[in-house]
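Asks: There's a structure below that I have some questions on.
The values are calculated or read from the model by the stated rules, or taken from the named source; none is laboratory data. Just so it is clear, the model here is predicted, and its values are computed rather than measured. With ideal geometry, Cβ positions are generated from the backbone for all residues, glycine too; neighbour counts draw on all protein chains shown. Areas reflect the complete protein model, heavy atoms only, side chains present, ligands, DNA and RNA absent. Shrake-Rupley method; radii C 1.70, N 1.55, O 1.52, S 1.80 Å.
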Amino acid sequence: MPRRPLLADRLSGLGTTIFAEMSRLAVETGSVNLGQGFPDTDGPPEVAEAAVAAIRAGVNQYPPGTGDPELRQAIAEHQERCYGLCWDPDTEVLVTTGATEALAATLLALVDPGDEVVALEPFYDSYAAGVALAGGRLVPVTLELPECALDLDALRAAVTPRTRLLLINSPHNPTGAVLSRAELQAVAELAVERDLLVLTDEVYEHLVFDGREHVPLATFPGMRERTVSVSSAGKSYSFTGWKIGWVTGPGELVTAVRTAKQFLTYVSGAPFQPAVAAALRLGDAPLHQLRDALQAKRDRLCAGLREVGFAVHAPAGTYFATTDIRPLGFDDGLQLCRELPRRCGVVAIPSQVFYADPERGRHLVRWAFCKRDEVLDLAVERLRALR
Ligand code: PMP
Ligand code: GLN
């Protein structure tokens, strides 16, 4: 009897995430892991202590479905303090299981089968999965390295009558691009003109370098009412494993996202929620400290990778640097990344997995620099074997 494939059609082709594959390789080979983006130093100790205190104080049962009220209040305060955006913490803020769930729940809530979602390519891998889960179709608009300028004509051309949503990620993983105010303004004008919903992934909002600024799309005229903004404590406070993320947006959109979210996890991370509230209330100091430390690490790793012989694209934001591997005589990043652990004891991410057509990113490899200086130095030292 012919057997139907186990995996549902909508998930076919998704396989195992590159992060799982490469982090497993790192453990198996004892490699320096510059692949998956997680810091090797925890965030502020007082925030960790707040989580311990919450566990001890018995904050261990289900929190409210929309999230701990104190955390929702702190998220609203943060948005107002940093961007002048005012949200009602009871109806316009939703706590999620990391930005990953926020993105998936938003896509499930807003996208019907056949709808198109226009996203910047290369795109973070959960976008393709989230759109696939919703039965939609991802339509890429490519940011071409090294400039990574947003091609507005391509963006306009990508919007069709089937377009439901623009999914905009800035600061952008994996390229490290930070969209300029003028580019964001153009995106906003297009969204208003074509009456599109917008989902913005701003998890790297505080990781922007060289005096650049992050401007949320929701601050542009006509955008507040059509934008779902997503962020997470993982990147801003270096607690990626806590998986506390959030959505902000107008009540109607947040209610739609909550409708999907409540049947994914319902809630999560009870004791981490008051701890993240405490983190958000620490003000700018820890955010600036992390940003400045990462800017120095960017420069350190990029200089090292350049010395090894890669063509290096130093990012404007995030904690990822991208290299072109061709100057060293390689032409397939996936193959190189699969060989690197055994060859050099270093793990990186092949950027081709972030492209709809992997050929476009075949020569690119992404390196995370959110690691201690000695770890970055060790990686560079080991990579010298490639020369
Ligand atoms: N969006 C982007 C662009 C990311 O790089 C990540 C990586 N963590 C996420 C979303 C997911 O964030 P979280 O860990 O909070 O789920
Ligand atoms: N966002 C992280 C990265 O891009 C990884 C998160 C994950 O493992 N899914 O490296």
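Asks: With +1 assigned to the C-beta of every Lys and Arg and -1 to the C-beta of every Asp and Glu, and no other charges, what is the dipole magnitude of the chain about the Cα centre in debye, to the nearest 20?
Replies: The calculation lands at about 1020 debye.
Asks: Which whole-number percentage describes the relative contact order of the stretch 91-211, with Cα contacts under 8 Å and a sequence gap of 6 or more? Spell out each step's value before the answer.
Replies: Working: 165 pairs, mean separation 30.3, N = 121.
Over the stretch 91-211, the number comes to 25 percent.
Asks: Further question: Taking the Cβ of Ser170 as the center, what net charge do the other residues with Cβ under 14 Å away carry, scoring Lys and Arg +1 and Asp and Glu -1?
Replies: -3
Asks: Net charge near Tyr355, counting Lys/Arg +1 and Asp/Glu -1 over other residues with Cβ under 13 Å of its Cβ?
Replies: In short, -2.
Asks: With a 1.4 Å probe and all protein chains left in place, how much accessible area per residue does the stretch 341-387 have, in Å²?
Replies: Values: 1940 Å² over 47 residues.
Solvent-accessible surface per residue comes out at 41 Å².
Asks: Amide H to amide H, which residues 5 or more places from Phe220 or on other chains are under 5 Å from it, using H placed in the peptide plane?
Replies: Those lying under 5 Å, H to H, from Phe220: there are none.
Asks: Turning to a different aspect of this structure: Given the options Thr29, Thr323, Thr106, state which has the largest fluctuation in a GNM of the chain using a 10 Å cut-off (strictly under) for Cα springs.
Replies: Among Thr29, Thr323, Thr106, the largest mean-square fluctuation in the Gaussian network model of the chain belongs to Thr29.
Asks: Further question on the same structure: So, counting K/R as plus one and D/E as minus one, what does the shell of residues with Cβ under 15 Å around Gly211 add up to? If you can, show how the numbers build up before the last one.
Replies: Details: positive: Arg181, Arg212, Arg291, Arg298; negative: Asp210, Glu213, Asp284, Asp292, Asp299.
Here the charged neighbours net out to -1.
Asks: Another question, then. Rounded to the nearest 500 deg cm²/dmol, what is the calculated helix-only ellipticity per residue at 222 nm for the chain, with -39500 (n - 2.57) per DSSP H run of length n ≥ 4? Please report the intermediate quantities before stating the final value.
Replies: Values: 13 runs with 154 residues, N = 387.
Dividing the helical sum by the residues of the chain leaves -12500 deg cm²/dmol.
Asks: Next question, about the same structure. So how much accessible area does Tyr266 have, in Å² to the nearest 10, using a 1.4 Å probe?
Replies: 100 Å²
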